[in-house]
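Working notes, structure below.
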Amino acid sequence: MPVLDRGLPIDDRWTDLADDQPLPADGAVIVSLERWRTDREALTSRGAAVGVRLKSSQLATEIAGDLGSLSLVALELPKFRDGRAFSAARELRERFGYKGEIRAFGHIIPDQYLFLTRVGVDTVVVPEDKAGPAWAQALKEMSIAYQPALEPDAPVSLLRRHLKGRVPA
């Protein structure tokens, strides 16, 4: 499945491992939280990048102490209306100061893409048949935000919006 960064497909260096798959000798791997807990030493001793995949029911606090060892955290969106991954991404960035890649996967629609980036998600995994220009366009659809986010642009205040055109910006 294609991985998008800023709306464009990128080469994915990560191998998503199932719990019963053998651990490769090298290369970046993404494992479940359960496998991370049981194989942590083997995973970190390889010297390659490691990522952990969290189900929507698993909290970011469960890996908070391990974030220094993880290059990627993958967050599941099992249904487009399940917002727990949004909260987990924001918590990883704001509360825990995580600087690695945050990836969203699962049932994601282009309408959610801009909001995912605003809470700290770097990349999204989309089905092959759903990849296309709608994803890049989704990042441009709104130019003004009222809520604070993790992106460098500050939200517009209601007063500034109300006075637009009456006072210099």
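Taking residues in the stretch 77-105 that are without any contact (Cβ under 8 Å) to a residue 40 or more places away in the chain and buried (at least 18 other Cβ atoms within 10 Å of the Cβ), and partners anywhere that are in a loop (DSSP other than H, G, I, E, B) and of a type in the set (S, T, N, Q), the pairs with Cβ atoms closer than 7 Å and at least 6 places apart or on different chains are 77/56; 84/56; 85/56.
Any idea which residue in the stretch 62-79 is farthest from residue 33 (Cα to Cα), counting only those that are in a helix (DSSP H, G or I) and over 15 Å from the mean Cα position of the chain (by Cα)?
The qualifying residue farthest from residue 33 (Cα to Cα) is 68.
Checked against the criterion of being among the aliphatic types (A, V, I, L, M), over 26 Å from residue 134 (Cα atoms) and touching a helix residue (DSSP H, G or I) at 6+ places or on another chain (Cβ under 9 Å), the candidates 63, 109 yield just one match: 63. When residue 68 is tested against (1) surrounded by fewer than 14 Cβ atoms within 10 Å (Cβ to Cβ); (2) touching a Ser or Thr at 6+ places or on another chain (Cβ under 8 Å), just one condition goes unmet, and that condition is (2). Taking the stretch 106-117 as the range and being buried (at least 21 other Cβ atoms within 10 Å of the Cβ) and outside any loop (DSSP other than H, G, I, E, B) as the test, the residues that pass are 113, 116, 117.
Within the span defined as the stretch 17-25, every residue fails to be out of contact with any Leu (no Cβ under 9 Å at 6 or more places or on another chain), within 22 Å of residue 57 (Cα to Cα) and surrounded by 13 or more Cβ atoms within 10 Å (Cβ to Cβ).
In the stretch 98-128, the residue that is nearest to residue 75 (Cα to Cα) out of those that are within 8 Å of the chain's Cα centre (by Cα) and polar (S, T, N, Q) is 123.
Taken together, the values in this text are just the output of simple stated rules run on the coordinates, not laboratory data. Bear in mind the structure is a predicted one, so any value in this text is a computation, not a measurement. When we count neighbours, we look across all protein chains shown, and the Cβ atoms used for this are built from the backbone with ideal geometry, even at glycine.
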